[in-house]
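Asks: Take a look at this one; I'll ask things after.
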Amino acid sequence: MGAIMGALSTVGGWAKALTDFGLTVITALIVVDILYPSSTMIIENIAIVVDQFGDGGVAGLIVILLFMVLYRRD
């Protein structure tokens, strides 16, 4: 059982590192898109995703809140 928990901990660590890297890349692309408008199209893509969540009504709100809870959890 200890080996399984160790493996899950390792995979969880990799997933957290990958997620942190992805958020860093997205942040960098947003800065680049602000400095050079429409160069990466990241802001337009984020707006599309937010619109899709908004079209989902309450379900979209629940998904956004779930993402916020998972992101803030250490």
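Asks: Given the options 26, 46, 4, name the one that is over 17 Å from residue 67 (Cβ atoms) and part of a helix (DSSP H, G or I).
Replies: That would be 4, the only listed residue that is over 17 Å from residue 67 (Cβ atoms) and part of a helix (DSSP H, G or I).
Asks: So which of 19, 24 ends up being surrounded by 12 or more Cβ atoms within 10 Å (Cβ to Cβ) and of a type in the set (Ser, Thr, Tyr)?
Replies: 19
Asks: Residues of the range 27-43 being exposed (fewer than 12 other Cβ atoms within 10 Å of the Cβ) and of a type outside the set (A, V, I, L, M), which ones?
Replies: 27, 36, 37, 38, 39 - these are the residues of the range 27-43 that are exposed (fewer than 12 other Cβ atoms within 10 Å of the Cβ) and of a type outside the set (A, V, I, L, M).
Asks: Something else: Just one of (1) within 15 Å of the chain's Cα centre (by Cα); (2) at positive phi trips up residue 25, so point out which.
Replies: Condition not satisfied by residue 25: (2).
Asks: Also: For the range 51-60, enumerate the residues that are in a helix (DSSP H, G or I) and either modelled with pLDDT under 80 or in contact with an Asp or Glu (Cβ under 7 Å, 6 or more places away or on another chain) (or both).
Replies: Correct list: 53, 54, 55, 58, 59, 60.
The values are calculated or read from the model by the stated rules, or taken from the named source; none is laboratory data. What you see is a predicted model, and the numbers here were worked out from it, not measured in a lab. Positions of Cβ are backbone-derived with ideal geometry, glycine not excepted, and every protein chain shown enters the neighbour counts.
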